[in-house]
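Heads up, the thing below is written out as structure tokens.
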């Protein structure tokens with residue numbers, strides 16, 4: 001008695017990212033280097049129009065509108081205040097708006113005087129986060 005196993009091979013290939021030129025798997029959703037989405041095999045990559053894409057201010061390379069990193073020079077695009085890097089809008093909302101309010105309420109319920117001091121400090125954090133959301137995303141490059 002013999003048992004036959006059917007072997008199945010998955011056809012995966014390395015393709016070149018149309019944004020940064022990095023070798024990536026064709027099964028990947030996005031490029032791990034620059035974040036550009038991988039185009040499906042059915043449709044060839046479309047050229048990015050200058051009006052819909054982003055341009056890196058450091059190297060003047062055109063970057064896909066959904067990419068968070070310039071594949072040419074490594075600059076990043078997001079919420080940044082000159083000292084701290086925030087990965088996205090929800091990070092700013094949670095750590096800059098919601099958390100300071102919760103900490104202030106807890107401090108006031110514990111001790112009124114300490115609560116007022118914590119409240120003033122958290123108001124500064126709150127206003128900085130609000131300013132970042134109003135100002136929008138920016139380009140920055142780590143030194």
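Just a few scattered comments:
- Sorted fewest first by neighbouring Cβ atoms within 10 angstrom, 101, 60 come out as 60, 101.
- By the beta-carbon count within 10 Å of each Cβ, the least crowded to most crowded order of 30, 109, fewest first, is 109, 30.
Here, each number is a calculation from the coordinates, and none is a lab measurement. From a predicted model like this one, the values you see are computed outputs, not experimental measurements. A quick note on method: Cβ atoms are made from the backbone with ideal geometry, for glycine too, and the neighbour counts reach across all protein chains shown.
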